[in-house]
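Below you'll find the structure, written out as structure tokens, and then a few comments.
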Amino acid sequence: MASEPAGAVERLAAALTRLPGIGPKSAERITHFLLTGDRDVAAMLAAALKDVIEKVHPCRECFNLTEGAVCRICSDARRDGSTVCVVETPRDLAMLERAATYRGLYHVLGGRLAPLDNFGPEKLTADALLRRVQRGEIREVILATNPTLEGDGTALYVSNLLANTQVRITRLARGLPSGSTLELANAQMLTDALDGRRAF
Ligand SMILES: [Zn+2]
């Protein structure tokens, strides 16, 4: 990694370039906006960032992002606790949740297996999923990792991990184009993929 630039302005610009979709030019533009425009915007942004860093953490049950010990989905008594949908990231969870037809719970793995990037099983929350399943209340686990090579490999890994339990394992239907991601699917595609799930 390049050494950190010395000045505060340069450090802000350098930090911005590490955000997705922000190149050096955009970073410079945003930096100047924050410095020369309405200072309230900069203060609001700083406060909001400080808040999420300090207050938001993984749910102790499902690893969704939450400000409490348990997320609002896990603590919602109207949700169906017998079904757990396994996703790669909190963002994937949010996509499925926006499709609004699923009433079960989730489990966020925290990524997908990517051997070439040194992302191995120890970095996933799969062991915690196994412990949840072993408690005996979950009857179905829906593998909703992305339909990519790495997502499929991750689904296979989770499925093998749960093989000695009594839980039914299903996979999202192939309504989503292969190699695509949940992120690119619309609500109807996600609903169809969930409704059409099949035994893994
Ligand atoms: Zn939760």
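The values are calculated or read from the model by the stated rules, or taken from the named source; none is laboratory data. Just so it is clear, the structure is predicted and the values come from calculations on it, not from any experiment. In this analysis, Cβ positions are derived from the backbone assuming ideal geometry, glycine residues included, and neighbour counts consider all displayed protein chains.
Annotations
- Subset tally (residues that are small (Gly, Ala, Ser) and modelled with pLDDT of 95 or more) for the range 95-110: 2
- Ala69 vs. criteria more than 9 Å from the ligand (Cβ to nearest atom), of a type outside the set (D, E, K, R) and either surrounded by 13 or more Cβ atoms within 10 Å (Cβ to Cβ) or not assigned by TED's automatic domain parsing to the domain that holds Val84 (or both): no
- Evaluation of Thr17 against the conditions (1) under 19 Å from the mean Cα position of the chain (by Cα); (2) surrounded by 12 or more Cβ atoms within 10 Å (Cβ to Cβ); (3) β-branched (Val, Ile, Thr) shows that the sole unmet condition is (1).
- Here the range 72-105 is the region considered, the condition is being more than 11 Å from the ligand (Cβ to nearest atom), polar (S, T, N, Q) and surrounded by fewer than 18 Cβ atoms within 10 Å (Cβ to Cβ), and the residue that is farthest from Leu124 (Cα to Cα) is Thr101.
- The criterion of at least 1 residues that are among the aromatic types (Phe, Trp, Tyr) and farther than 20 Å from Thr66 by Cβ is met, among helices (runs of 4 or more DSSP H) falling completely within the range 91-200, by 149-161.
- Inter-residue pairs, beta-carbon under 8 Å, first at positive phi and in the range 48-64, second among the aliphatic types (A, V, I, L, M) and more than 7 Å from the ligand (Cβ to nearest atom), 6+ apart: Phe63/Val108; Phe63/Leu109; Phe63/Ala128
- Conditions (1) outside any loop (DSSP other than H, G, I, E, B); (2) surrounded by 12 or more Cβ atoms within 10 Å (Cβ to Cβ); number of the one not met by Val41: (2)
- Some residue of the range 55-68 being modelled with pLDDT under 95, under 30 Å from Gly151 (Cα atoms) and outside any helix (DSSP H, G or I): yes
- Every listed requirement among (1) aliphatic (A, V, I, L, M); (2) within 15 Å of the ligand (Cβ to nearest atom); (3) over 24 Å from Ile73 (Cα atoms) is met by Leu129 save one, (3).
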